[in-house]
1. Out of Asp4, Asp14, Asp28, report the one residue that is crowded, with 17+ Cβ neighbours inside 10 Å and either of a type in the set (Asp, Glu) or at pLDDT below 90 (or both).
2. Looking at Ile251, Ile306, which is the one that is crowded, with 22+ Cβ neighbours inside 10 Å, within 30 Å of Asp175 (Cβ to Cβ) and either in contact with a Ser or Thr (Cβ under 9 Å, 6 or more places away or on another chain) or not aliphatic (A, V, I, L, M) (or both)?
3. Within the group Lys174, Lys197, which residue is buried (at least 18 other Cβ atoms within 10 Å of the Cβ) and not assigned by TED's automatic domain parsing to the domain that holds Phe13?
4. Take the conditions under 25 Å from the mean Cα position of the chain (by Cα), of a type in the set (D, E, K, R) and at pLDDT below 95 and apply them to Arg256. Does it pass?
5. Just to check your reading of the model, which residue among Arg234, Arg263 is touching a strand residue (DSSP E or B) at 6+ places or on another chain (Cβ under 8 Å) and either crowded, with 17+ Cβ neighbours inside 10 Å or of a type in the set (A, V, I, L, M) (or both)?
6. Please identify the pairs in which a residue from segment 122-134 that is at pLDDT 95 or above and crowded, with 18+ Cβ neighbours inside 10 Å has its Cβ atom under 8 Å from the Cβ atom of a residue that is assigned to a loop (DSSP other than H, G, I, E, B) and β-branched (Val, Ile, Thr), counting only partners at least 6 apart or on another chain.
7. Filter segment 135-162 down to the residues that are buried (at least 16 other Cβ atoms within 10 Å of the Cβ), within 30 Å of Val44 (Cα to Cα) and aliphatic (A, V, I, L, M) and list them by number.
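The values are calculated or read from the model by the stated rules, or taken from the named source; none is laboratory data. None of these values were measured; they are calculated from a predicted model. Neighbour counts are summed over all protein chains in view; Cβ atoms, including those assigned to glycine, are modelled from backbone coordinates with ideal geometry.
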Amino acid sequence: MIFDKLKKFDIVFDSPEVDCPPVYSSGDVVSGRVVLELSGESRVDSLKLHAEGFAKVHWTESRSAGSSTAYTQNYGDEVEYLNRREVLLQAGQSNNGEVTVLPAGKHEFPFSFQLPEETLVTSFEGKHGSIRYWVKVKLHRPWATVRKIKKEFTVIEPIDINTPALLAPQAGTKDKMARAWYRSFGQVSVTAKIDRKGYTPGEVIPVFAEFDNSTSRSVVPKAFIIQTQTFIARGTMKQKRSVVATLCGDIVGAKRRETWHGRAIKIPPVGPSILQCRIIKVEYMLKVCVDVPGTSKLCLELPLVIGTIPLHPFGSRTSSVSSQYSVNLEWLHMAIPEQPEPPPDYSSVVTEEEAEQRHNAVASQQAEDLSGILERPLMAFVQEFRFRPPPMYSEIDPNPQPINMRPRCMTC
């Protein structure tokens, strides 16, 4: 039978490195070949290629409609980024009605197409949505079932942190009165600053902070890098928040003050920020908190953007993205490398005020669902970027400076 003659049917992408999947960005050319291996002579009607790219979100919610009835509400949306068709082989009909005949052996059909010039969105896998790009090929033969094959490829839209907006320092101050059962223990304040807003995976963020504990109790300063995944459909959103890195400071005694002179918190190999998609967003923040026993936490949030092109990049924007960094395929399983100390659940770094505000917001606006905000997170895909390691920072500055002054690089 003709069906039995097809021994191999595969899609192979051209890659500059052996055993390394290619990575693309907007405007790049995707090329490769479709491989057919036949055990005998076979007739073929056509061989067609279809390249697609979509962002899709979907989730369901159960709602009560009375004491004895309930129904399930579905939410979903999608955005198309790529849709291109190409015919690799089309049989030429003759006067006798014959089709193309391929002899036994291996046959390769090359393909090549350019991704749209407008900005694409980085590939992503999340709990309630994904951003995927793929190539699908269909093989049509007389009196045989259509054979299909599909292979995904990765798109990473570069985010260059060498821009004024991402190089700007981020700073803030926050304070609160520590109270428990109508009893005041005094005021706690935190001031924090980081050198810039944009960083890349693997870099170390030196945190400059001052904790003023005017209470009668000891407090514990901490810092966290938090990732927020937001999925949007039909005017409703679903969020997943996760702590991806943790920094714990020394205990600050009562009526004492503690200063961080560039305490280091390292960014793990997480996916870059996604800010340009209408239905999926991935955002980051640095959260500096003071844990006061017996009362709620005091937290200060500083925005972060995780980029792909580090300071003083060696590659150019016009070159292929795959020449600037490689992709670890473990992101397909949403894995994250082992860490010396696993980060806590997001719920452990949320203040009571924040939890109460979110509860009231949900009660007043049923359409906005944040029910998944405190669930255990699923990580975005993990990627490995190749670039020169950032300079090392000492946790103790031999020449301490005031918090409002720019820190001196310890390697200079």
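1. Values: Asp4 fails: crowded, with 17+ Cβ neighbours inside 10 Å; Asp14 fails: crowded, with 17+ Cβ neighbours inside 10 Å.
One residue alone meets the criteria, Asp28.
2. On the way: Ile251 fails: crowded, with 22+ Cβ neighbours inside 10 Å.
Of Ile251, Ile306, the one residue that is crowded, with 22+ Cβ neighbours inside 10 Å, within 30 Å of Asp175 (Cβ to Cβ) and either in contact with a Ser or Thr (Cβ under 9 Å, 6 or more places away or on another chain) or not aliphatic (A, V, I, L, M) (or both) is Ile306.
3. On the way: Lys174 fails: buried (at least 18 other Cβ atoms within 10 Å of the Cβ).
Of the residues listed, the single one that is buried (at least 18 other Cβ atoms within 10 Å of the Cβ) and not assigned by TED's automatic domain parsing to the domain that holds Phe13 is Lys197.
4. Working: under 25 Å from the mean Cα position of the chain (by Cα): no; of a type in the set (D, E, K, R): yes; at pLDDT below 95: yes.
No.
5. Values: Arg234 fails: either crowded, with 17+ Cβ neighbours inside 10 Å or of a type in the set (A, V, I, L, M) (or both).
Residue meeting the stated conditions: Arg263.
6. Short answer, once both residue conditions are applied: Thr122/Ile156; Ser123/Ile156; Gly129/Ile279; Ile131/Val121; Ile131/Thr122.
7. Passing the criteria: Val135, Val137, Leu139, Ala144.
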